[in-house]
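Asker: Sharing a structure below in structure tokens format, with a few things to ask.
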Amino acid sequence: MKSPLLSLPGAVPAEGPDEGVAAHYGDLFREQSALADGTGFVDLSHRGVLTVTGDDRLSWLHLLITQHVSELPAGRATEALVLTANGHIEHALYLVDDGATTWVHVEPGTQGALLAYLESMKFFYRVEIADRTEEFALVHLPAGSIASLAEGEAAAVRETPYGRDVFLERGRLEEFAAAHGPAVGVLAHEALRVEAHRPRLGFETDHRTIPHELGWIGTAVHLQKGCYRGQETVARVHNLGKPPRRLVFLHLDGSEVHLPGPGAPVRLAADGPDGRKLGFVTTSARHHELGPIALALVKRNVPVDAELVAESTAAAQEVVVEP
């Protein structure tokens, strides 16, 4: 779904999973700096939007997802996962309930599969699930933003430590941009996400990722709630073992022109370019203050003080998930 904000001056379309919105508007570092200072907004209108209504919506969702939501207060933001029977991450949900409707945004293109799964689990519960992506768009106001929303401007708002996720009618995107600009591209948003060590479905995850590897225990996975699909794996790893991989943050050598992309192998620097692959880059970015940075998944037993190399670029690691 192509955003009308791609018609704004300087807009350069994003590619891959973020296709449909702007990668940037002509000055990546200025946009990052503005976002970090609480200025402007990010067009995330390519993300999927679902709603769940009905008297049983929260108690029903509580049975299916990894988060405790049966008594979720109106207006409180949370996030959750849907796991496979083996505990692998299948969906990531970002939720808020307004007292009558639970609003959810998800990764672009994943809303159809999530809707199908939720529909298959309705049984006798009094719930209605709808894909609202064609009607509603998501925009993000950064932490520190003093932008005020007019009465009725937003359908719902998720207040998080990283800013506000605003659900609004898709036809109001251009009006919102005029009132709350400047617009900031998704590359700036991604750079700040990497800086904050925040995982993203489809970027930091593959077909065998479990929540413990990415630090999603506690933030998206509640350990004291009832049963849900995949819970046995979550409990077993938490109580009896360690995940096979762990997320790390990499400071990359700024003298290199090339930025190692997703999938680039990570090795011990001491072993050289022919050394054994110990992991791979998941997301890389150029940060306005830190320079080139990345997130990567590496084997749990990689020493936390080991100097690494991502593809051919020297990398110093910071621990995100403890080994």
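Asker: Mind counting the residues in the stretch 241-267 that are at pLDDT 95 or above, under 15 Å from Val194 (Cβ atoms) and open to solvent by 30 Å² or more (accessible area, probe 1.4 Å)?
Answerer: Going through the stretch 241-267 one residue at a time, the tally reaches 2.
Asker: Here's something else I'd like to know. Among Glu151, Glu204, Glu174, Glu190, which is the only one that is farther than 27 Å from Ile89 by Cα, touching a residue at least 40 places away in the same chain (Cβ under 8 Å) and either part of a loop (DSSP other than H, G, I, E, B) or of a type outside the set (A, V, I, L, M, F, W, C) (or both)?
Answerer: Numbers: Glu151 fails: touching a residue at least 40 places away in the same chain (Cβ under 8 Å); Glu204 fails: farther than 27 Å from Ile89 by Cα; Glu190 fails: farther than 27 Å from Ile89 by Cα.
Every option except Glu174 fails the conditions.
Asker: Tally time: how many residues in the stretch 1-25 are open to solvent by 60 Å² or more (accessible area, probe 1.4 Å), more than 19 Å from Arg193 (Cα to Cα) and part of a loop (DSSP other than H, G, I, E, B)?
Answerer: 3
Asker: May I pose another question? Of all residues in the stretch 92-145, which are in a strand (DSSP E or B), within 17 Å of Asp56 (Cα to Cα) and open to solvent by 60 Å² or more (accessible area, probe 1.4 Å)?
Answerer: Glu128
Asker: Go through the stretch 208-228 and give me each residue that's aliphatic (A, V, I, L, M) and surrounded by fewer than 22 Cβ atoms within 10 Å (Cβ to Cβ).
Answerer: Hits for the stretch 208-228 are Ile217, Ala220, Leu223.
Asker: Which residues, counting only those in the stretch 40-91, are over 17 Å from Ala156 (Cα atoms), open to solvent by 40 Å² or more (accessible area, probe 1.4 Å) and assigned to a loop (DSSP other than H, G, I, E, B)?
Answerer: Asp55, His68, Glu71, Ala85, Asn86, His88
Asker: Quick one: count up the residues across the stretch 271-323 that are surrounded by fewer than 20 Cβ atoms within 10 Å (Cβ to Cβ) and small (Gly, Ala, Ser).
Answerer: Within the stretch 271-323, residues that are surrounded by fewer than 20 Cβ atoms within 10 Å (Cβ to Cβ) and small (Gly, Ala, Ser) number 7.
Asker: Scan Arg164, Arg158 and give me the residue that is in contact with a strand residue (DSSP E or B) (Cβ under 7 Å, 6 or more places away or on another chain), within 30 Å of Glu322 (Cα to Cα), free of Cβ contacts under 8 Å to residues at least 60 places away in the same chain and surrounded by 15 or more Cβ atoms within 10 Å (Cβ to Cβ).
Answerer: Details: Arg158 fails: free of Cβ contacts under 8 Å to residues at least 60 places away in the same chain.
Every option except Arg164 fails the conditions.
Asker: How do the pairs read when you match residues in the stretch 86-108 that are under 11 Å from Gly75 (Cα atoms) with residues anywhere that are aromatic (Phe, Trp, Tyr) and open to solvent by less than 10 Å² (accessible area, probe 1.4 Å), using Cβ under 8 Å and keeping only pairs 6 or more apart or on different chains?
Answerer: From residues that are under 11 Å from Gly75 (Cα atoms), the pairs are Trp103/Phe167.
The values are calculated or read from the model by the stated rules, or taken from the named source; none is laboratory data. For clarity, every value in this text was computed on a predicted model and none was experimentally measured. Quick reminder, even Gly has a Cβ in these numbers, built from the backbone with ideal geometry, and neighbours come from all protein chains shown. The protein model used for the area step is the full one, side chains on, heavy atoms only, and it has no ligands, DNA or RNA in it. Shrake-Rupley method; radii C 1.70, N 1.55, O 1.52, S 1.80 Å.
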